[in-house]
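The values are calculated or read from the model by the stated rules, or taken from the named source; none is laboratory data. Note that the structure is a prediction, hence the values are computed from the model and not measured. FYI the Cβ positions are ideal-geometry reconstructions off the backbone, even for glycines, and counts take in every protein chain you see. For accessibility, only protein heavy atoms count, side chains too; no ligands or nucleic acids. Shrake-Rupley method; radii C 1.70, N 1.55, O 1.52, S 1.80 Å.
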Amino acid sequence: MRSLRILSCGGAHPKRMVTNDDLAKIVDTSDEWITTRTGIKSRYFCSEGETANSMAIEAASVALKRSGVDPAEIGCIVTATISGDYATPSISCMIQKELGLPEEIPVLDVSAACSGFIYALEVARGLLESTGGRYALVTGCEQLSKLLDMTDRSTCVLFGDGAGSCLVEAFEDEQSEQKKFVTSLGAKGDMAITAEGVGTAKTRIQMDGKEVFRFAVSTIPKCIQDVLEKSNQVIDEIDWIVCHQANARIIEHCIKKMKAPAEKFYMNLDHYGNTSGASIPMALNEMYEQGLLIPGQNLILVGFGAGLTWGGAFLTYKGVDR
Ligand code: UT7
């Protein structure tokens, strides 16, 4: 079976930054509470003219441009989202249209909330495998601000909007020195996080924060361990671990539990908040832009969240000549 590796990343976020102090003017909260409980200092919310589609298209366009891959060679488009502009057409179809990508390829969105990007990578691998394609555009995009109840302080301070995209390449892993793409995916139906569909009378996100916290700190270490075992590696061989950016305390808890080196865990939730399916590719894009992603590096990505779902992946960053 063929593996996947990342060639390039792109990202986008709305112009309007919303600080904790801005939210404290709307609900009974404070910068101190939000910072100490979550690590979040600010997030971005879409304004007029900015939508899930526009952010996803921008992120995918940047990833495509940076890769240098001929658009005609894109073999599938997969986007992880729970907050697309429309029930249909999908965000992926809009990326295809706006970037002028091929028509004779599979194009679809995946709904697995904060684990969505990992699921989307595995879907892309399967589609490239079955169709013989070589490159996929895999994007995570959320406009969660439109799903927030701005009178509920327990949720409205947590989430933000944004998009991240990776151009990934399928390669024959038996003939390559680069390590195999491996995933660990799972779910257990649970109503701990819910959001009614866009367009219904109530579209707000509701969450039992404590239950999700417990779920996260037990799931993330197991998922990382499973990915390490399946890829026959130890944590010392991994350059970066990028967890879904929900809460700094969750990530710190897992680092402690695993006795893992904290410097391998990338965090940027302080300035984006929780962007669900977009958080992992947005982090990858930021790492790329800061020069932290170096060709040949080994990455573990871990998502967890509504569903409840979880997903871990090992893959390499191949990069392109800059
Ligand atoms: O991406 C999906 C994955 N989601 C997550 O990973 C979320 C996981 N859960 C969490 O991150 C944490 O549970 C939260 C950050 C959501 C909440 O932290 P917590 O330490 O579990 O707080 P809590 O819900 O137990 O609330 C403690 C207190 C309550 O007041 P009382 O009952 O003790 O008087 C809340 O009413 O904090 C109050 N509170 C707030 N106070 C100020 C809740 N939200 C706020 C707020 N500002 N924004």
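Go over the candidates I26, I57 one by one and state the one that is within 13 Å of the ligand (Cβ to nearest atom), open to solvent by 30 Å² or more (accessible area, probe 1.4 Å), among the aliphatic types (A, V, I, L, M) and not in a strand (DSSP E or B).
Step by step, each of I26, I57 is checked, and only I26 is within 13 Å of the ligand (Cβ to nearest atom), open to solvent by 30 Å² or more (accessible area, probe 1.4 Å), among the aliphatic types (A, V, I, L, M) and not in a strand (DSSP E or B).
Could you list all residues from the stretch 62-83 that are touching a helix residue (DSSP H, G or I) at 6+ places or on another chain (Cβ under 7 Å) and touching a residue at least 60 places away in the same chain (Cβ under 8 Å)?
Within the stretch 62-83, L64, G75, C76, I77, V78, T79, A80, T81, I82, S83 meet the criteria.
Among (1) open to solvent by less than 10 Å² (accessible area, probe 1.4 Å); (2) among the hydroxyl-bearing types (S, T, Y); (3) over 19 Å from the mean Cα position of the chain (by Cα), which single condition is T36 missing?
All conditions are met except number (1).
Can you pull out every residue in the stretch 144-193 that is assigned to a strand (DSSP E or B), within 28 Å of R214 (Cβ to Cβ) and open to solvent by less than 40 Å² (accessible area, probe 1.4 Å)?
F159, D161, G162, G164, V182, T183, S184, G186, I193
Within the group I235, I241, which residue is open to solvent by 10 Å² or more (accessible area, probe 1.4 Å), in contact with a Leu (Cβ under 8 Å, 6 or more places away or on another chain) and of a type in the set (A, V, I, L, M, F, W, C)?
Within the list I235, I241, the selection yields I235.
Matching residues to (1) within 16 Å of the ligand (Cβ to nearest atom); (2) part of a strand (DSSP E or B); (3) at pLDDT 95 or above; (4) in contact with a Phe, Trp or Tyr (Cβ under 8 Å, 6 or more places away or on another chain):
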{"position": "I6", "(1), (2), (3), (4)": "no, yes, yes, yes"}
{"position": "D22", "(1), (2), (3), (4)": "yes, no, yes, no"}
{"position": "E32", "(1), (2), (3), (4)": "yes, no, yes, no"}
{"position": "T36", "(1), (2), (3), (4)": "yes, no, yes, no"}
{"position": "V69", "(1), (2), (3), (4)": "no, no, yes, yes"}
{"position": "G75", "(1), (2), (3), (4)": "no, yes, yes, yes"}
{"position": "V78", "(1), (2), (3), (4)": "no, yes, yes, no"}
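Please go through the stretch 102-138 and pick out each residue that is polar (S, T, N, Q) and either in contact with a His (Cβ under 6 Å, 6 or more places away or on another chain) or within 16 Å of the ligand (Cβ to nearest atom) (or both).
Residues satisfying the conditions are S111, S115.
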